[in-house]
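What follows is a set of notes on a single structure, which appears directly below.
Taken together, the values in this text are just the output of simple stated rules run on the coordinates, not laboratory data. The structure displayed is predicted, hence computed values, not measured ones. When we count neighbours, we look across all protein chains shown, and the Cβ atoms used for this are built from the backbone with ideal geometry, even at glycine.
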Amino acid sequence: MTRPTPASPTPDSPTQSTPDPATPLAVVTGASTGIGREIARELASRGYDLVVCADEPQIEHAAAAVMSGTTTATAVQADLATEDGVRLLVDRVRDLGRPVDALVLNAGVAAGGPFLETSWAEDARLVALNVNHVLAVAKELLPDMVRRGRGQVLVTSSIAATMPGPWYATYAASKAFLHSFAQALRFELKDTGVTVTSLLPGPTDTMFFERAGMQDTEVYDTTKDDPAEVARDGVEAMLEGADAVVAGSLRNKVQALATNLLPEQVKARLHASLTKEKDD
């Protein structure tokens, strides 16, 4: 497969700003919209320079929008569901010649509907983006963080990771994988100076449900959390070195606690009542 060539930045592109090498650097995937964009904005407001990545041209506009004060933002348009896309991002990060202080692995998609009706291509791409990009980027960038003996990692899981997820089964399973992976990796790195935090948002006011084709579900009609609030919770937990954070409303925290007490099939039935398409 031919490796994509990054577009040359325009003269007024945010990638043209001159960074201060003493400023901490954060890498955020899935940063063109939603929670990822708000995480990037939150980190910029705390003085981080950014490398932001997504698979759509909108990432250039997002990079410009999230900069704060003297911070810089480098936009990388890359499809992280592919090996070439991961390589492009990693190469752009390394080309900066700066250590990564915060690594936010947030990019993801969902595929709503019965498993037997979603296409193999949809499910395979979901796993490639939600799971594989996290593993691949972590494999590439974490060793340098560990060698330096400091840094924070934030992995965006979901409250869906705490229970079976009928009617978007591959999505919920991918998020359960990410939560488990983040907690296991955290244990492995506990004496290195690098921390790993799992972010578990609930329903959030983003384009998630529209992109997943889940507009005709009960969960689509529920009150959703502000992505800026979710991002703030996630960034604060990451910088504090917390193991995990259930972000957003009290409802999410109560739901997470309740799932510890219920059998799996009861949790699946309750979850399905929110994610199954409504009867006509």
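For this structure, a couple of remarks:
- Footprinting exposure proxy for 39, 59 (fewest neighbouring C-beta atoms within 10 Å first): 59, 39
- Residue list for region 163-201, given a label point 7 angstrom along the Cα-to-Cβ vector of residue 277 and an amide N cut-off under 17 Å: 166-170
- Cα-only Debye scattering, region 21-275: base-10 log of I(q)/I(0) at q = 0.12 Å⁻¹: -0.65
- Residue 95/residue 223 FRET efficiency (R0 45 Å; Cβ-Cβ; nearest 0.05): 0.55
- Residue 144 paired with residue 251, simple spin-label distance in nm, labels 7 Å along Cα-to-beta-carbon: 4.2 nm
- Net +/- balance of residues flanking residue 138 in space, Cβ distance below 13 Å, scoring K and R +1, D and E -1: -1
- Percent RCO, i.e. relative contact order, over the chain, from Cα pairs under 8 Å lying at least 6 residues apart: 18 percent
- Packing-based exposure ordering (other Cβ within 10 Å, fewest first) of 139, 267: 139, 267
- In this simple spin-label approximation, residue 45 and residue 65 carry label points 7 Å from Cα along the Cα→Cβ vector, and these lie 1.5 nm apart.
- Exposure proxy order (Cβ contacts within 10 Å, fewest to most) of 216, 191, 233: 191, 216, 233
- Applying the criteria of a DSSP loop state and at most 12 other Cβ atoms within 10 Å to the GluC sites (Glu not before Pro) of region 69-127 yields 117.
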